[in-house]
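**Student:** Would you mind keeping the following structure in view while I ask a few things?
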Amino acid sequence: MPGVEALLPRFRAAHTQVLGVSVDSIYCHNNWALGLEGISFPLLADFHPKGAVSKLFGLWLDEPGISDRATVLIGKDGTVLWSESVGPGGARQPAELLEKTRSLV
């Protein structure tokens, strides 16, 4: 199954900007990207103050002090069109996300 990087041209054709956001530091992001043999979409660090963006989207998990793993599709006007949580250890299905994106834009 292709990952997000392999599907980027299709996301772009659907007028969609893919971003990764994590409460990890930019150094962790760099190592993660290297482990995937590189990525070309932006990775944003929700590191300081830790989880500030996650909290705005209701994704911060107080007890473990981490962000939930979720996908949020945001329209051009800034409104949330759709969101789905897969839990901290969950996996996303990029091809399904592409189809959901196409149906909403």
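The values are calculated or read from the model by the stated rules, or taken from the named source; none is laboratory data. Computed from a prediction, not measured in an experiment: that's the story for all the values here. Cβ placement follows ideal geometry from the backbone for every residue including glycine, while neighbour counts extend to all protein chains displayed. Ligands, DNA and RNA are stripped out before the accessible areas are found, and what is left, the full protein with its side chains, is counted by its heavy atoms. Shrake-Rupley method; radii C 1.70, N 1.55, O 1.52, S 1.80 Å.
**Student:** For segment 10-19, just list the computed ³J(HN,Hα) in residue order, Karplus coefficients 6.51, -1.76 and 1.60, θ = phi - 60°, integers in Hz, with x standing in for Gly and Pro.
**Tutor:** Those phi angles translate into 6, 4, 5, 4, 8, 6, 10, 9, 8, 10 Hz.
**Student:** Please report the net charge: other residues with Cβ closer than 15 Å to the Cβ of PRO42, K and R +1, D and E -1.
**Tutor:** Combined, the nearby Lys, Arg, Asp and Glu give -2.
**Student:** Say the dipole of the chain comes from +1 at the beta carbon of Lys and Arg and -1 at that of Asp and Glu; which of ILE66, ALA45, GLY89 then lies farthest toward its positive end?
**Tutor:** Positive-most Cα among the choices belongs to ALA45.
**Student:** So, one more: Let me see the P(r) profile for the chain: every Cα-Cα distance counted, bins of 5 Å, each bin given as a percent of all pairs.
**Tutor:** 2, 11, 20, 24, 23, 15, 5, 0
**Student:** Counting only heavy atoms of the protein chains, get the accessible area per residue of segment 19-78 (1.4 Å probe) and round it to a whole Å² value.
**Tutor:** Ligands and nucleic acids excluded, the result is 70 Å² per residue.
**Student:** Quick one: length gained pulling LEU81 to ILE26 fully straight, 0.36 nm per residue minus the C-alpha distance?
**Tutor:** 17.0 nm is the gain from fully extending LEU81 to ILE26.
**Student:** HN-Hα J couplings of segment 68-82 from phi, Karplus 6.51/-1.76/1.60, θ = phi - 60°, integer Hz, Gly and Pro as x?
**Tutor:** The phi angles translate into 5, 8, 8, 10, 10, 9, 10, x, 4, 8, x, 8, 6, 8, 6 Hz.
**Student:** Share of the chain's accessible area from carbon and sulfur, percent, 1.4 Å?
**Tutor:** 56 percent
**Student:** Which value, in debye to the nearest 20, describes the size of the charge dipole of segment 1-82 about its Cα centre when Lys and Arg Cβ atoms bear +1, Asp and Glu Cβ atoms bear -1, and nothing else is charged?
**Tutor:** Roughly 280 debye, rounded to the nearest 20.
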